[in-house]
Amino acid sequence: MTDQSIRHQFSRLAFAVGLVGLLTQALPAGAADIPAKPEAGSFKLGIEPWLGYGQWHVAAAKDLFKKQNLEDVQIVNFTEDKDINAALASGQLDAANIATHTAMAMVAAGLPVKIVSLLDFSLSADAILAGGDIKSVEDLKGKNIAFEEGTTSDILLNYALASHGLTVDDITRVPMPAADAGSALIAGRVPVAVTYEPYISAARAQDKNIKMLFEAGKDPGLVSDVFVVREEVLKSKPGQVLAMLKAWDSALADYKANTAEDRTIIAKAVGASPQDLATAFDGVQYYSTAEAAKAFAGDFTSRTFGDVLKAAKQAGILTDDVSAEKIIDPSFVDAANK
C-alpha cells in the first residue's frame, strides 16, 4: 500500500486549475429553504482511498443512495489531493471529501466551496512516534524528524511543537512520504517520525521500544475530514446535497449495526484487508450529521477550527486567515436533523 492509499498529500498547484469562470452563487437562506426531495440528475463525488470516507462506500454497496431517491451518485476515485482539488476547482465534481486544512486552503485561494458536514476525526490514527530515548515533546528539540510536508502529519507536528513552546525551526526536517517515515524510524535513520495508520501499527509491531509520543486525539478535530460542496451546487442542487448527507447517516447507522461486514466493504474499497486496518478503524471517529451539527455550533467552530488554522499557517500551508463563518454552512446538517 502506498502512502497515497491511506492519507492525503496537499498541493497548492491544484488551485490554479479551473478557478476562472467559477462564480460565487447565492446559497439557500437556511435549513427551511432546502427541498426534502433531491433534484433530478447525477451527483459526482470525489473521493480518495482513506477509510474515514468509508460510509460512502457502504452507502453505494447497500443501495442507500437510491433509498434517498438519488438517481445517479457517481463516486470518482482519486489517489492524490492535487488531482481531486483540480477536478473540484474545474467543476468536474459537485463535492469532495478532503482534510479540514485543505478546505481552508481552497477557500483562501478563492475557490467557492463550503464545508457542509464533518466526516471523521483522527484520534490515534495519526501520531508522532519516537524511540525509547525520547520521553516528551520537549525532547524533540534538535532532533531529526521524518514527516510528509503539507499533509496532516505536518499539521500534527506543528501543533505538538507549538503546544510545548517549540517550532519547526527547533527541529531538523527530514521530508519523506508518511509510508516511509515509520520505516526510517525502525531502521534508525531518524529518532522520530510522524505518520498514520496502518504505518503506526506496523512500526510498533517491529520495534516494541517505539511509542506514540503525541496523538491527534490530544486535540480532537485537529486531524479531521470534511464534506465540501461547490457553492454553485449548493444553489442548483440543494436537495441532492441533503439527500447525500442522509445517505451518509444511513450508512453510519448500518456500520454501527454491522461493523465487521461494513469494515470489509470499506477495506476492499481502499485496497486493504480488514485485518490490516483493524487498528486504523479503532483510531477514527465517524460523525453523523447530528454530531456534525453539534460540533459546528460548539467546539469545532469556537476552538478546533482556530487550532487547525494556526497549525496550517505554522506549517506554511496557509498564509491568510479564513473564518469559520466564511467556510462552514451548517444549514444542511441542520436540515438533515429536522
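Quick check, is residue 116 β-branched (Val, Ile, Thr) and in contact with a Pro (Cβ under 9 Å, 6 or more places away or on another chain)? Even if it seems obvious, please write down each step before you answer.
On the way: β-branched (Val, Ile, Thr): yes; in contact with a Pro (Cβ under 9 Å, 6 or more places away or on another chain): yes.
Here the answer is yes, as residue 116 does meet what is asked.
When you look at residue 233, is it open to solvent by less than 40 Å² (accessible area, probe 1.4 Å), assigned by the TED database to the domain that holds residue 103 and in a helix (DSSP H, G or I), yes or no?
Values: open to solvent by less than 40 Å² (accessible area, probe 1.4 Å): yes; assigned by the TED database to the domain that holds residue 103: yes; in a helix (DSSP H, G or I): yes.
Taking the combined requirement at face value, the residue satisfies it.
Output the residue which, of all residues in the range 26-53 that are modelled with pLDDT of 95 or more and in contact with a helix residue (DSSP H, G or I) (Cβ under 7 Å, 6 or more places away or on another chain), is most open to solvent (accessible area, probe 1.4 Å).
Per the criteria, the residue is 39.
State all residues of the range 269-294 that are hydrophobic (A, V, I, L, M, F, W, C), buried (at least 23 other Cβ atoms within 10 Å of the Cβ) and at pLDDT 90 or above; if no residue qualifies, say none.
Once the filter is applied, which keeps residues that are hydrophobic (A, V, I, L, M, F, W, C), buried (at least 23 other Cβ atoms within 10 Å of the Cβ) and at pLDDT 90 or above, the range 269-294 yields 284, 292.
In the range 54-84, which residues are surrounded by fewer than 17 Cβ atoms within 10 Å (Cβ to Cβ) and farther than 22 Å from residue 100 by Cα?
If the condition is that a residue be surrounded by fewer than 17 Cβ atoms within 10 Å (Cβ to Cβ) and farther than 22 Å from residue 100 by Cα, then 63, 66, 67, 69, 71, 72, 74 are the ones that fit.
The values are calculated or read from the model by the stated rules, or taken from the named source; none is laboratory data. Bear in mind the structure is a predicted one, so any value in this text is a computation, not a measurement. Note: ideal-geometry Cβ built from the backbone for every residue, glycine included; neighbour counts use all protein chains shown. Side chains included, ligands, DNA and RNA excluded: accessible areas come from the protein's heavy atoms. Shrake-Rupley method; radii C 1.70, N 1.55, O 1.52, S 1.80 Å.
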